Amino acid sequence: MDAGLAAVLGALAGSMATIGTALVTSRSQRETTRLTARAEHQRQRREPRHDTYKAFISSTSQLRDQLEKFENFDLYPDSVTDATVQRYNDTANELKSQWVEVALVGPANVGASSRKVEQLAHKTALQVNRLQWFIGQGDDQKRDSERSAIELSTFELALALDNFISVAQAALDDDGSL
């Protein structure tokens, strides 16, 4: 082989190596850029979800705490007043508006779980209003029946809240890599 051919082959091999390196570098940079953009997108989705979920959990916990007074009104004889019932109804209405926010920020399974909590909040608000009515009417049998229903609903609300928290945590932990 003469020197000229060796030089041409060497130059060709060098060019091919340079082109190959450039292609690999380009692909690597593109993949890095894609991963960075995806991570930023996930962060931007996670922050509002976190705040919305946190507010929803806080309101539901407040609602559950308020229910204690109604299910144990014999321990708190003056607890079933117009003011406490109105406060409970206000908290239930606030929870309903927060449920809309949770449903909008998603994902769908979190929205469905929050809907269950909101439905139980609405159900218990009706029960609290009926309890107040039965107390005012002096109907001890219906009062006690409604109190038992509130106890059961409180338990269901606690379970639904626990489920919501689990689903919300999974949604916040999801990095979209699957």
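The values are calculated or read from the model by the stated rules, or taken from the named source; none is laboratory data. Quick caveat, the model's predicted, so the values are computed rather than measured. Every residue, glycine as well, gets a Cβ built from its backbone with ideal geometry; the counts of neighbours run over all protein chains shown. Areas reflect the complete protein model, heavy atoms only, side chains present, ligands, DNA and RNA absent. Shrake-Rupley method; radii C 1.70, N 1.55, O 1.52, S 1.80 Å.
Here T124 meets each of (1) without any contact (Cβ under 8 Å) to a residue 60 or more places away in the chain; (2) open to solvent by less than 30 Å² (accessible area, probe 1.4 Å); (3) not aliphatic (A, V, I, L, M) with one exception, condition (1).
For a quick check of your reading of the model, give me the residue pairs whose first member lies in region 83-98 and is more than 28 Å from A112 (Cβ to Cβ) and free of Cβ contacts under 8 Å to residues at least 12 places away in the same chain, whose second is in a helix (DSSP H, G or I) and not basic (K, R), with beta-carbon atoms closer than 9 Å and at least 6 apart or on different chains. Cβ pairs passing all conditions: none.
The residues of region 127-149 that are open to solvent by less than 50 Å² (accessible area, probe 1.4 Å), among the aliphatic types (A, V, I, L, M) and in contact with a Lys or Arg (Cβ under 9 Å, 6 or more places away or on another chain), listed by number, are L131, A149.
Considering only region 67-81, I want to know if a residue exists there that is part of a helix (DSSP H, G or I), open to solvent by 30 Å² or more (accessible area, probe 1.4 Å) and without any contact (Cβ under 8 Å) to a residue 12 or more places away in the chain.
No, because not a single residue in region 67-81 is part of a helix (DSSP H, G or I), open to solvent by 30 Å² or more (accessible area, probe 1.4 Å) and without any contact (Cβ under 8 Å) to a residue 12 or more places away in the chain.
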